[in-house]
Amino acid sequence: MLSYAVKRVALAGLILITVMLAMYGLVFLVPGDPASVALGPRASPALKAALTERMGLDQPVLVQVGRFFTAALRGDLGHDVWSNRPVTEMILETFPKTLILGTVALGWAAVAGIAIGCLSVAFRDSFADRLLGILSVAFISVPAFVIAIYALLVFAVWLNWLPAIGAGTPGDFASQARALILPAFAIGLPWVGYLARLVRASLLEVMGAPHIRTARAFGLPEMTILGRYALRVAIVPVISILAVGFGAVLSSAVFVETVFTRPGIGTLMTTAVEKRNFPVVMGCVLFMTAFYLLVVTAADLLIARLDPRVRDAFRS
């Protein structure tokens, strides 16, 4: 297990370094120099030169990359071009809001998706199974930002049940919870369908296993077998998908936070892109990549702990 953990952590570190190199290289592919793009065409040459020097872009490329890596390893992601605030500080202020949104969205999607998948297996090949299958595929097919727009139109504008924008009143838990419902619904709904189909397929495979046939031979009720014995085995691939899905949920949050004008790392990144604020954009991308790799690596280690065949396959 220790050897598997070391290899997984080393692989995550290699991926992170590759992302850092690719992200830094993209800065040089932008037409014109970053200082001119950020300040606009009317900025004076002196102002452009000062910003270029402050961003460290007047140094040789290898020196810039080395300084970027060294600073990033210390947790220093640079400074905002406009406010000169540390990018790390700005990310740590906004990311908890995005993390709460993503956790709630994926949490309710996991509960609903697992429940629908279990119901589909319990009533397999029936009308209810076919109906749940159609709904699951429909949920998967609709992008999160489309769901967000229509949910905003129906529940906030037409019915006036929920707030349309913002994250609620600071310090008021009820207000913040109400403001969280629509964004979490928009992000989580596609994952309900995906997890439901995954759980159904995994359960159908497990239901033919010898220990399930033994449980049936002892006369246990079908729902008890499904929930107590089959689901414990079938849930293993779901853990891996949830870890991968967390990265997709964070990506969806970028669009959903824009639709609902919620403060978060998605809104921070969108604003930075509009203003050509490269240090903030690079810092947000690097931070979210590192967090995503952390979640996926933790999920892989958990799966390897639950299923020794995974680490054995990795060793071979």
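Here's the picture: charge each Lys and Arg Cβ at +1 and each Asp and Glu Cβ at -1 in the range 90-247, and of 112, 123, 235 the one pushed furthest to the positive end of that dipole is 123. Tell me which residues come under 5 Å, amide H to amide H, from residue 79 once H is placed; ignore anything under 5 positions away on its chain. For residue 79, the qualifying residues are 87. Using only Cα atoms, tell me the angle between helix 173-206 and the longest principal axis of the chain; keep it within 0 to 90° and round to the nearest 10. Tilt relative to the chain: about 50 degrees. The angle between the Cα long axis of helix 61-73 and the main principal axis of the chain comes to about 50°, on a 0 to 90 degree scale. Placing a pseudo-label 7 Å from each Cα along the Cα-to-Cβ vector at residue 162 and residue 261 gives an inter-label distance of 1.8 nm.
Counting alpha carbon pairs within less than 8 Å and at least 6 residues apart, what relative contact order, in whole percent, applies to the chain? Walk me through the numbers before you get to the answer.
Numbers: 344 pairs, mean separation 83.3, N = 316.
Once normalised by length, the contact order is 26 percent.
Carbon-plus-sulfur accessible fraction, the range 46-154 (probe radius 1.4 Å, protein heavy atoms only): 72%.
Can you give the FRET efficiency to the nearest 0.05 for residue 67 and residue 6, using r as the Cβ-Cβ distance and R₀ = 45 Å? Step by step, r from the Cβ atoms, then E = 0.95.
What value, in deg cm²/dmol to 500, does the helix sum -39500 (n - 2.57) over DSSP H runs of n ≥ 4 give at 222 nm once divided by the residues of the chain?
Values: 14 runs with 231 residues, N = 316.
Dividing the helical sum by the residues of the chain leaves -24500 deg cm²/dmol.
Projecting the Cα atoms of 144, 132, 267 onto the dipole axis of the chain, where Lys and Arg carry +1 and Asp and Glu carry -1 at the beta carbon, places 132 farthest toward the positive end.
Roughly speaking, what is the stretch gain from residue 134 to residue 204, that is 0.36 nm per residue apart minus the C-alpha to C-alpha distance, in nm to one decimal?
Working it through step by step, the gained length comes to 23.4 nm.
Enter the angle in degrees (range 0 to 90, nearest 10) between the Cα long axis of helix 265-274 and the first principal axis of the Cα atoms of the chain, meaning the one along which they spread out most. Here the helix axis deviates by roughly 40 degrees. By the rule of a C-alpha distance below 19 Å, with chain neighbours fewer than 8 residues away ignored, the lysines paired with residue 48 are 275. Average accessible surface for the chain: 54 Å² per residue, computed with a 1.4 Å probe over protein heavy atoms with every protein chain in place. The HN-Hα couplings worked out from phi for the range 251-264 by the Karplus form 6.51 cos²θ - 1.76 cosθ + 1.60 (θ = phi - 60°) are 5, 5, 4, 4, 6, 5, 5, 5, 4, 9, 6, 8, x, x Hz, whole numbers, x standing for Gly and Pro. Exposed loop sites here mean trypsin sites (Lys or Arg not before Pro) with a DSSP loop assignment and at most 11 other beta-carbon atoms within 10 Å; the chain contains its longest site-free run at 75-316.
Put a plus charge on the Cβ of each Lys and Arg, a minus charge on the Cβ of each Asp and Glu, and nothing anywhere else: the dipole of the range 169-316 about its Cα centre is then about 320 debye.
The values are calculated or read from the model by the stated rules, or taken from the named source; none is laboratory data. Quick caveat: nothing in here was measured; it's all calculated off a predicted structure. When we count neighbours, we look across all protein chains shown, and the Cβ atoms used for this are built from the backbone with ideal geometry, even at glycine. Accessible surface is based on the protein model in full, side chains and every heavy atom, while ligands, DNA and RNA are left aside. Shrake-Rupley method; radii C 1.70, N 1.55, O 1.52, S 1.80 Å.
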